[in-house]
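J.: Attaching a single structure in structure tokens format; questions to follow.
The values are calculated or read from the model by the stated rules, or taken from the named source; none is laboratory data. Please read these numbers as outputs of a predicted model, since none were measured by experiment. All Cβ positions, even for glycine, are placed from backbone atoms using ideal geometry, and neighbour counts span all protein chains on display. Side chains are part of the model used for accessible areas, which takes the heavy atoms of the whole protein and leaves out ligands, DNA and RNA. Shrake-Rupley method; radii C 1.70, N 1.55, O 1.52, S 1.80 Å.
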Amino acid sequence: MITIYTDKLIPSKFGAVSAGPITLIRIKYKNDKGLHSHEETHFAQWLALAAIGPVSAIVVYVAKIEQLQPYLLAILLVPSLFHGLLYKFVSRYRLACEVDAYNLRY
């Protein structure tokens, strides 16, 4: 996870935002362990879906599935977008992610 401490690009009602491997945290929350734990959970949620891409691409390549070979780059990259899309457009998914992220682990 790449963490950047800034007050820019973060909506006023949030202390932090995550987009894939990048997390922006407001400077005043730099030492907030709870917020860091929350955002680390969002990173783990993204990573869980993003990992599907490389695994699938390796299977397609190693198994020599010829009809899918032209789509290796898409197979590799597209799953990393799923978490963000699901989070934005599927309210039950977003709720499940937030409940998980509020289950503080520090």
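J.: Among Ala101, Ala48, which is the only one that is assigned to a helix (DSSP H, G or I), among the hydrophobic types (A, V, I, L, M, F, W, C), under 14 Å from the mean Cα position of the chain (by Cα) and closer than 26 Å to Lys8 by Cβ? Even if it seems obvious, please write down each step before you answer.
T.: Numbers: Ala48 fails: closer than 26 Å to Lys8 by Cβ.
Result: Ala101 is the single residue among Ala101, Ala48 that is assigned to a helix (DSSP H, G or I), among the hydrophobic types (A, V, I, L, M, F, W, C), under 14 Å from the mean Cα position of the chain (by Cα) and closer than 26 Å to Lys8 by Cβ.
J.: Looking at segment 51-70, which of the residues that are out of contact with any Pro (no Cβ under 6 Å at 6 or more places or on another chain) and surrounded by 15 or more Cβ atoms within 10 Å (Cβ to Cβ) is farthest from Glu98 (Cα to Cα)?
T.: Looking at residues that are out of contact with any Pro (no Cβ under 6 Å at 6 or more places or on another chain) and surrounded by 15 or more Cβ atoms within 10 Å (Cβ to Cβ), I get Leu68.
J.: Output the residue which, of all residues in segment 1-20 that are in contact with a strand residue (DSSP E or B) (Cβ under 9 Å, 6 or more places away or on another chain) and part of a strand (DSSP E or B), is surrounded by the most Cβ atoms within 10 Å (Cβ to Cβ).
T.: Of everything passing the filter in segment 1-20, Ser18 is surrounded by the most Cβ atoms within 10 Å (Cβ to Cβ).
J.: Tell me, which residue of segment 51-90 that is part of a loop (DSSP other than H, G, I, E, B) and under 19 Å from the mean Cα position of the chain (by Cα) is nearest to Pro21 (Cα to Cα)? Steps first, please.
T.: In the first step, residues of segment 51-90 are kept if they are part of a loop (DSSP other than H, G, I, E, B); the result is 51, 63-65, 78, 90.
Narrowing the set further to residues that are under 19 Å from the mean Cα position of the chain (by Cα) leaves 51, 78, 90.
Details: Ala51: 12, Val78: 15, Val90: 21 Å.
That would be Ala51.
J.: Kindly provide the set of residues from segment 21-40 that are open to solvent by 40 Å² or more (accessible area, probe 1.4 Å), over 19 Å from Asn103 (Cα atoms) and either under 18 Å from the mean Cα position of the chain (by Cα) or modelled with pLDDT under 95 (or both), ordered by number.
T.: Pro21, Ile22
J.: Shifting gears a bit: If I ask for residues that are of a type outside the set (A, V, I, L, M, F, W, C), over 27 Å from Val59 (Cβ atoms), in contact with a Ser or Thr (Cβ under 9 Å, 6 or more places away or on another chain) and open to solvent by less than 60 Å² (accessible area, probe 1.4 Å), which ones from segment 71-106 would you list?
T.: Here is the first cut: in segment 71-106, the residues of a type outside the set (A, V, I, L, M, F, W, C) are 71, 79-80, 83-84, 87-88, 91-94, 98, 100, 102-103, 105-106.
Keeping just the survivors that are over 27 Å from Val59 (Cβ atoms) gives 88, 91-92, 94, 98, 100, 102-103, 105-106.
Then keep just the ones that are in contact with a Ser or Thr (Cβ under 9 Å, 6 or more places away or on another chain); that gives 100, 102-103, 105-106.
Matches in segment 71-106: Asp100 only.
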